[in-house]
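Q: For reference, the structure I am asking about is given below.
The values are calculated or read from the model by the stated rules, or taken from the named source; none is laboratory data. Treat the numbers as computed from the prediction; the structure is a model and nothing was measured. Positions of Cβ are backbone-derived with ideal geometry, glycine not excepted, and every protein chain shown enters the neighbour counts. For accessibility, only protein heavy atoms count, side chains too; no ligands or nucleic acids. Shrake-Rupley method; radii C 1.70, N 1.55, O 1.52, S 1.80 Å.
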Amino acid sequence: APTHPELREYLAARFVEDQWSVKKTVRRIVLSRTYQLSAAVDSHNLETDPDNKLLWRHSPRRLDAEALRDAILSASGALDRDRPDRFASYAAVSQMTDTTVADKTHVRAVYLPVARGFTTDILDAFNFPPSDLVVGRREAPSVPTQALFMLNSRLVSDHAQIMARRLAKESDNERQRVARAYLLTLGREPAAVEVDEALEFVAQFQAESEVMDDKAKAQDAWAAFCQTLFASSEFRFLR
């Protein structure tokens, strides 16, 4: 049985009034207070409705493969938000015969061509449906290979380096860099203990690094910190 029968009837009536406009119905839903709730947990509500059937908070949702890729590029500052020319796109010209070629273009994933039998590494790791099949609903399992991908992917490590350079340009204060990194990746301010742990990680990484150049050593340390944020489960879920 529906949990909100009155709401269902209300939306159905407005759907008819709006000349069967799906766009208006979607707009009405996403502009509602309920849709805009955070994922914060209230102990009383959690005890009363642990499955969130009454929609007292936002249920965390895992990012799709395309959104995850774009989130990484956006955090590093490399994301090209403009619509590319179809034939000028490097990925389109290559016809995707090389599965890593899309990593070299920074347009949004929605503009990447999809060729039968080929897909990019990150899309493949995060359950992008087969291009030669009609898929009505994507599966979204969380498997160990996804965590390993975030730790070993060339795409992730490259953009961690780019993000580290971005942080260095924006601030000389290390605590401000950590706060900025959290805001860019997780959309929130870090707790004091998280800032301390991040700075301890960066310092330890530099101390154990075999790189002789101090500037390069610091760059690698901050890139490693950025990559840990990319690899965190919090980054992969929308709250």
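Q: What does the charge add up to near Trp20, with Lys and Arg as +1, Asp and Glu as -1, over the other residues with Cβ less than 15 Å from its Cβ? Working shown, then result.
A: Working: positive: Arg14, Lys23, Lys24, Arg27, Arg28; negative: Glu17, Asp18.
It works out to a net charge of +3.
Q: Under the √(5λ) rule applied to the eigenvalues of the Cα gyration tensor, what semi-axes describe the equivalent ellipsoid of the chain? Give them in Å, descending.
A: Equivalent ellipsoid semi-axes, largest first: 36, 27, 16 Å.
Q: Per-residue accessible area for Ser32 at 1.4 Å probe radius, Å² rounded to 10?
A: 40
Q: May I ask for the longest run of the chain untouched by GluC sites (Glu not before Pro) that are loop-located per DSSP and have at most 16 neighbouring C-beta atoms (other than their own) within 10 Å?
A: Values: sites that count: Glu139, Glu210, Glu234.
No qualifying site falls inside 1-138, the longest such stretch.
Q: Moving on to the next point. How big is the range 1-56 by the Kirkwood estimate over distinct Cα pairs, in Å?
A: About 13.0 Å, per the Kirkwood formula over Cα pairs.
Q: Ordering Trp222, Trp56, Trp20 from largest to smallest accessible area (1.4 angstrom probe), what's the sequence?
A: Trp20, Trp56, Trp222
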